Amino acid sequence: MLDDLIRQRTGAASATEGQRVARTVQRVARAFAVPALVLMVLGLVLFLTVHPGAGGLPGEAVVNVRRLASRTLLTPRGVMSLGLLLLALIPMVTVLLIVSDRLRHRQWTEAAIGLGVVSILMIGILLSRGE
Amino acid sequence: MVLIWLALGGVGLVAGVLGALLGLGGGIFLVPALTLLFDMPIRAAVGTSLIGVIATSAGVASVSKPGRGADVRLAMRLELATTAGALAGSFLAGIIAPQLQAFAFAGIVLATAIYTLAKMRSRPRSASEDAIGGLYRQDYVVRKWPAGLSISAVAGVLSGLTGSGGGFIKVPVMHSVMDVPLGIATATSNFMVGITAAASVMLYYGRGDIFPLVAVPTAIGVFSGAVLGSRLAVRVRADSLRIALVVLLFIIALQMIWKGVRG
């Protein structure tokens, strides 16, 4: 059964399917990359304002940003990390959408393989928490 | 601090442009730049490079026209092996000596240089429709799955260990071993690199090998470079860049070997 799972003929990859997936990849990249970049830039700006030695906004603006950061726990490092996390999630979300597409088209074997890839990515996340 | 961020962003921009233009991924340029120019520890450089690979992949995908697509079925099957290998490689990076990681990276760079040279020599002389059509023909049957999966796992280990995308292994494996047309193999590899990098990046982050103050400006630069490189790709003759690239890669390999020897 494993042989059948792995050896399934893939040579007849339809151009339509490939283009459908390419459009999915593009949508995910755009949807996640823009907020990721915004958060990253915001994090850099926040860092500059709460660390006066590094240069940044003058006077009262610095005080207000520090007050906001301490109330909301949105530290510069936290905001930057959130941006990096969004970027790092792009591939996993892409694979999940491909799995969803396969399920919609009742391609159970392909969906199972996609879920296998997602599982391995999740193992990476779980292992990182143990480090 | 701002100057350092601008420098990191600039390095990322160049890596992103070259990665998008030459299809090599930004990692092969980012790791040596971060270790040799900024004297970063190699594990941190590899972690940042993995973020760069994902940013390159996202940048190119966000602007490319969905044209001749990847063989997604093939990609998903190979990714089972590649992502598992990437996890193993990332785990290994946490326990081996940094010098060994530097040597492994030097090996990857040398292999990439040789692969790029071989690719230049085997390019079809005429850009006829038949030649291009042959690169993307659909009537192929994928063969030698055990070999393909095994070598993909090795590509994943190397990706996790060195922060590269692994395309220089994946494309020849798919094309020469598994009988996939070259154009489809390349598109499939480009689709796979981001997923492979994502498998490793969480482990590096959990270990504290990714510093946001370094990774963020680099990622912004890489993403911008990848978008720019994708737009330039239709105007720039990549062949003339490849010759300079091969020379640069040999120099980088020597520098990384020297860094490994020095410790």
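Of B:V222, B:V154, B:V247, which residue is open to solvent by 30 Å² or more (accessible area, probe 1.4 Å) and modelled with pLDDT of 90 or more?
Criteria check complete, one pass: B:V154.
Given the criteria over 14 Å from the mean Cα position of the chain (by Cα), at pLDDT below 55 and loosely packed, with under 15 Cβ neighbours inside 10 Å, does A:R9 qualify?
So A:R9 passes the test.
Please state which of the following conditions B:A118 fails to meet, knowing it meets all the rest: (1) of a type in the set (A, V, I, L, M); (2) surrounded by fewer than 17 Cβ atoms within 10 Å (Cβ to Cβ); (3) modelled with pLDDT of 85 or more; (4) touching a helix residue (DSSP H, G or I) at 6+ places or on another chain (Cβ under 9 Å).
(3)
Please enumerate the residues belonging to the range A:34-50 that are open to solvent by less than 20 Å² (accessible area, probe 1.4 Å), more than 7 Å from chain B (Cβ to nearest Cβ) and among the aliphatic types (A, V, I, L, M).
Residue satisfying the conditions is A:A36 alone.
For the range A:103-125, what are the residues that are free of Cβ contacts under 8 Å to residues at least 60 places away in the same chain, more than 9 Å from chain B (Cβ to nearest Cβ) and not polar (S, T, N, Q)?
Matches in the range A:103-125: A:L103, A:R104, A:H105, A:R106, A:W108, A:A111, A:L115, A:V118, A:M122.
Is it fair to say B:R73 is touching a helix residue (DSSP H, G or I) at 6+ places or on another chain (Cβ under 8 Å), modelled with pLDDT of 90 or more and among the basic types (K, R)?
Here the answer is no, as B:R73 does not meet what is asked.
Filter the helices (runs of 4 or more DSSP H) completely within the range B:1-110 down to those with at least 2 residues that are buried (at least 24 other Cβ atoms within 10 Å of the Cβ) and within 14 Å of chain A (Cβ to nearest Cβ).
Passing ranges, in order: B:2-22, B:42-63, B:72-93.
Considering only the range B:171-189, I want to know if a residue exists there that is under 13 Å from B:T48 (Cα atoms), open to solvent by 30 Å² or more (accessible area, probe 1.4 Å), at pLDDT 80 or above and assigned to a loop (DSSP other than H, G, I, E, B).
No: zero hits.
When you look at B:I51, is it touching a helix residue (DSSP H, G or I) at 6+ places or on another chain (Cβ under 6 Å) and within 28 Å of B:W145 (Cα to Cα), yes or no? Before the answer, list the steps.
On the way: touching a helix residue (DSSP H, G or I) at 6+ places or on another chain (Cβ under 6 Å): yes; within 28 Å of B:W145 (Cα to Cα): no.
No; evaluated as a whole, the condition is false for this residue.
For the list (1) facing another protein chain (nearest Cβ under 7 Å); (2) modelled with pLDDT of 75 or more; (3) surrounded by fewer than 16 Cβ atoms within 10 Å (Cβ to Cβ), I need the number of the one condition that A:A31 fails.
Looking at each condition in turn, A:A31 falls short on (1).
The values are calculated or read from the model by the stated rules, or taken from the named source; none is laboratory data. Quantities reported herein were computed from a predicted structural model and do not represent experimental measurements. So basically every Cβ, Gly included, is an ideal-geometry build from the backbone, and we count neighbours across all protein chains shown. The area values use the complete protein model at the heavy-atom level, side chains included, leaving out ligands, DNA and RNA. Shrake-Rupley method; radii C 1.70, N 1.55, O 1.52, S 1.80 Å.
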